[in-house]
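Accompanying notes for the structure given below.
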Amino acid sequence: MVSLNRAVAVAMVHGPAAGLDLIATLETDERMARHHRPHATRAHMLELLGEHEAAVAPSPEAARRTTSTPSVATSVPAPTA
């Protein structure tokens, strides 16, 4: 996780492309192999670069690897007078 945090910090200082370069090095890191965070972070950095179509690609994999379940929006009844 420290390496991913470093990639985010580098992206904040030197731009998203620099952060993406560091995230690419994590692809072979076995400690990060099951995590959703590198994929989600890659998508966000691509979005910051304006590469919106490319940013969509890592999102399904990030979602697949997360351990949380999506919340279902519930409707709130309208107040009665």
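Computed quantities for the displayed model
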quantity	calculated
Carbon + sulfur, % of accessible area of the chain - ligands and nucleic acids excluded, 1.4 Å	58 percent
Two-decimal ratio, the chain, of alpha-carbon radius of gyration to 2.2 N^0.38 Å	1.42
Probe 1.4 Å, protein heavy atoms only - accessible area per residue of the chain in square angstrom	75 Å²
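The values are calculated or read from the model by the stated rules, or taken from the named source; none is laboratory data. All figures in this text were calculated on a predicted structure; none of them were measured in a lab. The accessibility values were calculated without ligands, DNA or RNA, using every heavy atom of the protein model including side chains. Shrake-Rupley method; radii C 1.70, N 1.55, O 1.52, S 1.80 Å.
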